[in-house]
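The values are calculated or read from the model by the stated rules, or taken from the named source; none is laboratory data. Predicted model only: the values in this text are computed from it and were never measured. Because the Cβ atoms are built from the backbone with ideal geometry, glycine has one as well, and the counts that use them run over all protein chains shown.
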Amino acid sequence: MRIGGIDVTIDYSWFVMFFLVLYIMAESYFPRVHAHYSTVQYWIMGGVAAILLFASVLVHELAHSLVALRHGIRVAGIRLFIFGGMAEVVSEARNGRQEFLIALAGPATSMGIGAGLLAVHFTTVSLSSAVAGIAWWLGWANILLALFNLIPGFPLDGGRILRAFLWDHWDDLARATRVVSRIGNAFALFLIILGVLQFLLTQSLLSGLWLVLIGMFMKQSAAGGYQAIMLKQALAGVEVRQVMTADVVKVDWLTPIDRLIQDYIYRHQFTQFPVFNREEFVGMVSLEEVKTVPRELWGFKQVRDVMTPVELVPSLRPADPAGEALSRMTTENGCMPVVENGSLLGIVTRRDILDLFKIKSDLGAA
Ligand SMILES: [Zn+2]
């Protein structure tokens, strides 16, 4: 699904949350608060409320993404999953002000939606108690979403906002990230303890478990976010040409598949090779593509039959930042060709970049 040029993907885990909300709204919340409807009507109200809740989460993430795009920051897409949504930004903000605006956009939007829905509640309350009831619940859900996200621990929006201030103040992104990651970690621990206590005191397994899971997810994200920044700092100023392998093993496009397997894949133990027609770089062939050919056809098919033609191969330029190359490679396999004016200069793998990072951080620690 694409909205405003941004890819939106829905994770399977999201459906668990969706049906949980639907069930709780239809079976528990609406019957308790609005007593005079039928079961079918409660389920319709629950369905409308659940769909609108997830639309609200999506709008929150779209707000982050659109502000990021406006500042020239690439957005890989929005992922909706069991704990809500996440806008996946490829490159990070360049300064504190940008980070502040991107982070603030989400909670500000949720707050606006919440206020709007409460206004809807008060204008419809005399006309339809169902509409007014949904607007009331959804309005508060949006306001809570905004407030929860404003807690100043990374990776929550509030953590990003605080980090933006500290970043501007200290002019040291790593230090700012370390502080908000620690706050995020402490808050995550607090949620986990709260979840356990809730379970022990109220025997409510579901809400207790829920808090524990959110806490664990946040703890992991806080640590991951910090590592990502350290990686980015170590790779600052490093260009793709400095980490690429220039001396690559080339495959002629007329090579039969069985020779490709014997003489290239087994021998060099790479999973991807650049393909050439004489001197011209024409595509990439990978082990994955070879696997699509039935074994009995290996002697008859050639590399050019299975390769990805050069127009469709995602590639890097020699002057691209290594950090950006790395974030692109998490999604596009572990290996990319480096191309300038149509000719192949070399290959970069995830390994190459991560090895450089490891060497740099070892040297830094020494
Ligand atoms: Zn947000």
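Among the strands (runs of 3 or more DSSP E) contained in region 1-102, which hold 1 or more residues that are within 14 Å of the ligand (Cβ to nearest atom) and either surrounded by 15 or more Cβ atoms within 10 Å (Cβ to Cβ) or at pLDDT 85 or above (or both)?
75-81, 84-89
Just to check your reading of the model, which residue among A188, A174, A223, A228 is touching a Lys or Arg at 6+ places or on another chain (Cβ under 6 Å) and either under 21 Å from G158 (Cα atoms) or in a helix (DSSP H, G or I) (or both)?
Matching residue, one of A188, A174, A223, A228: A188.
Any residue in region 27-38 that is touching a residue at least 60 places away in the same chain (Cβ under 8 Å) sitting within a Cβ distance under 9 Å of a residue that is surrounded by 12 or more Cβ atoms within 10 Å (Cβ to Cβ) and part of a loop (DSSP other than H, G, I, E, B)? List the pairs, counting only those 6 or more apart or interchain.
F30/Y37
Scan (1) assigned to a helix (DSSP H, G or I); (2) at pLDDT 85 or above for the single condition L254 breaks and write down its number.
Exception for L254: condition (1).
Would you check if V338 is hydrophobic (A, V, I, L, M, F, W, C), touching a Gly at 6+ places or on another chain (Cβ under 7 Å), under 26 Å from M230 (Cβ atoms) and in contact (Cβ under 8 Å) with a residue 40 or more places away in the chain?
Yes; evaluated as a whole, the condition is true for this residue.
What pairs come out if I take residues in region 96-123 that are closer than 10 Å to W136 by Cα and assigned by TED's automatic domain parsing to the domain that holds E61 and pair them with residues that are at pLDDT 90 or above and within 16 Å of the ligand (Cβ to nearest atom) whose C-beta lies under 6 Å away, six or more apart or interchain?
The qualifying pairs are G114/N142; G114/I143.
From (1) within 15 Å of the chain's Cα centre (by Cα); (2) surrounded by fewer than 21 Cβ atoms within 10 Å (Cβ to Cβ); (3) within 15 Å of the ligand (Cβ to nearest atom), pick out the condition that doesn't hold for M111.
Of the numbered conditions (1) within 15 Å of the chain's Cα centre (by Cα); (2) surrounded by fewer than 21 Cβ atoms within 10 Å (Cβ to Cβ); (3) within 15 Å of the ligand (Cβ to nearest atom), the odd one out for M111 is (1).
Have a look at V120, V131 and point out the one that is over 18 Å from L62 (Cα atoms), in a helix (DSSP H, G or I) and at pLDDT 90 or above.
The conditions single out V120.
For V196, work out the one condition from (1) under 21 Å from G153 (Cβ atoms); (2) touching a helix residue (DSSP H, G or I) at 6+ places or on another chain (Cβ under 6 Å); (3) free of Cβ contacts under 8 Å to residues at least 60 places away in the same chain it doesn't fulfil.
The failed condition is (2).
Based on what the data block shows, is R178 buried (at least 18 other Cβ atoms within 10 Å of the Cβ), under 16 Å from G96 (Cα atoms) and modelled with pLDDT of 85 or more? Walk me through how you get there before you give the answer.
Details: buried (at least 18 other Cβ atoms within 10 Å of the Cβ): no; under 16 Å from G96 (Cα atoms): yes; modelled with pLDDT of 85 or more: yes.
Spelling it out, it is not the case that R178 is buried (at least 18 other Cβ atoms within 10 Å of the Cβ), under 16 Å from G96 (Cα atoms) and modelled with pLDDT of 85 or more.
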